[in-house]
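Read through the structure below, which is laid out as structure tokens, and then see the notes.
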Ligand code: FES
């Protein structure tokens, strides 16, 4: 495949890249930019492990072709902490044991932040509904909801 030029900003850093049209945003982040915090679970939109923000909206990066993100701003789990300070949602996940193995955690945290930002964290049921696309094999769900509730307050 012929490579296509792609400019995008990831965690505040501008990149001028050249990518094959079939490469997903997930593979671009992990393989080309070495940002391996974003995880590949199913690679077809079922698990949420690959969740990132694109222009502030949550996106399953395995379902987005990299070249469709020309000029956009991508935020990954690596972009949340500021000057050595964890994002409040990261701190809340630690405080409430919102993970066990941790594999789904980056995606859970990116969705959790979007949940609050989009105003879907008013009740536990609403949080559960919004977070239903993020699968956790360890079953940390109640603790994840606890963490989101705390940040929402
Ligand atoms: Fe993208 Fe599962 S890896 S939703």
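The values are calculated or read from the model by the stated rules, or taken from the named source; none is laboratory data. Keep in mind that what you see is a predicted model, and the values were worked out from it rather than measured. Positions of Cβ are backbone-derived with ideal geometry, glycine not excepted, and every protein chain shown enters the neighbour counts.
Numbers for the structure displayed
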quantity: Residues located in region 48-87, provided they are in contact (Cβ under 8 Å) with a residue 12 or more places away in the chain, under 18 Å from residue 12 (Cβ atoms) and assigned to a loop (DSSP other than H, G, I, E, B); calculated: 55, 56, 70, 71, 72, 76, 80, 87
quantity: Every residue from region 126-135 that is over 18 Å from residue 90 (Cβ atoms), outside any loop (DSSP other than H, G, I, E, B) and in contact (Cβ under 8 Å) with a residue 12 or more places away in the chain; calculated: 128, 130, 133
quantity: Condition met for residue 3 (away from the ligand (no atom under 16 Å from the Cβ), over 13 Å from the mean Cα position of the chain (by Cα), closer than 19 Å to residue 103 by Cβ and without any contact (Cβ under 8 Å) to a residue 24 or more places away in the chain); calculated: no
quantity: Test: residue in region 57-69 that is more than 12 Å from the ligand (Cβ to nearest atom), out of contact with any strand residue (DSSP E or B) (no Cβ under 9 Å at 6 or more places or on another chain) and under 30 Å from residue 17 (Cα atoms); calculated: yes
quantity: Residue under evaluation residue 52, criteria (1) in contact with a strand residue (DSSP E or B) (Cβ under 7 Å, 6 or more places away or on another chain); (2) away from the ligand (no atom under 16 Å from the Cβ); (3) closer than 24 Å to residue 147 by Cβ, criterion not met; calculated: (2)
quantity: Residues satisfying the stated conditions in region 7-43, i.e. within 15 Å of residue 76 (Cα to Cα) and away from the ligand (no atom under 16 Å from the Cβ); calculated: 8, 9, 10, 11, 12, 13, 14, 15, 32, 33, 34
quantity: Unmet criterion (only one of (1) on the phi > 0 side of the Ramachandran plot; (2) within 16 Å of the ligand (Cβ to nearest atom)) for residue 97; calculated: (2)
quantity: Matching residues, region 51-73, being more than 23 Å from residue 4 (Cα to Cα) and surrounded by 15 or more Cβ atoms within 10 Å (Cβ to Cβ); calculated: 51, 58
quantity: Of residues in region 136-152 being surrounded by 17 or more Cβ atoms within 10 Å (Cβ to Cβ) and either part of a loop (DSSP other than H, G, I, E, B) or in contact with a strand residue (DSSP E or B) (Cβ under 8 Å, 6 or more places away or on another chain) (or both), the one modelled with the lowest pLDDT; calculated: 140
quantity: Given (1) at pLDDT below 95; (2) within 16 Å of the ligand (Cβ to nearest atom), index of the condition residue 83 fails; calculated: (2)
quantity: Set 100, 90: member being part of a helix (DSSP H, G or I) and either over 15 Å from the mean Cα position of the chain (by Cα) or without any contact (Cβ under 8 Å) to a residue 60 or more places away in the chain (or both); calculated: 90
